[in-house]
1. For ILE96, ILE7, ILE82, what ranking results if the residue with the fewest other Cβ atoms within 10 Å of its Cβ goes first?
2. Order of LEU81, LEU21 from fewest to most other C-beta atoms within 10 Å?
3. Once label points are set 7 Å from the Cα along Cα→Cβ at both SER11 and GLN79, what is their separation, rounded to one decimal in nm?
4. Mind pulling the angle between the C-alpha long axis of helix 101-110 and the longest principal axis of the chain? Nearest 10 degrees, somewhere in 0 to 90.
5. Just report the Cα centroid separation between the stretch 67-110 and the stretch 1-61, whole Å.
6. Would you mind calculating the gained length between LEU65 and VAL43 on full extension (0.36 nm times residue separation, minus the Cα-Cα distance), in nm to one decimal?
7. What relative contact order, as a whole-number percentage, does the chain give when Cα pairs under 8 Å and 6 or more residues apart are counted?
Amino acid sequence: MTSPSAITWLSVPDVCDRLSLTPGKVHRLVEDRALLGRKEEGVFRIPDIFLDEGSPVADLKGTALVLIDGGFSPESALQWLIEPHDVLGTSPIDAIRNGRKTEVRRLAQTLAL
């Protein structure tokens, strides 16, 4: 399980390097909710755990949309994804990365406002 304190937060240029994309394309991924991030000390940062072998984690976008459509802000959705959850026994993003997207999305739907 990835501890929130162990997550590396990447700037947009760092994500560009990891994904071989332009800043505009990275911003488009954020707009489309394929990636989530937040401003820290005036710099927009994306958790490295949202990246997987040269692309965003495949099932992140759908889960982010479930949360946001259910009333979460993008920032609170990001926080929910990286914090450990008792029901899952891990963080939702770790569960998604381990093939448990359906379980995570069901849980996310129960939290809809």
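Nothing in this text is a laboratory measurement; each read-out follows from the coordinates by a stated rule. Since we're looking at a predicted model, the values are computed, not measured. Here the Cβ is made from the backbone with ideal geometry for all residues, glycine too, and neighbour counts use every protein chain on show.
1. Ordered by Cβ neighbours within 10 Å, fewest first: ILE7, ILE82, ILE96.
2. Ordered from fewest to most neighbouring Cβ atoms within 10 Å, LEU81, LEU21 come out as LEU21, LEU81.
3. 2.6 nm
4. 70 degrees
5. Cα centres, the stretch 67-110 to the stretch 1-61: 17 Å.
6. Here the segment from LEU65 to VAL43 would lengthen by 5.6 nm.
7. About 26 percent, as a whole number.
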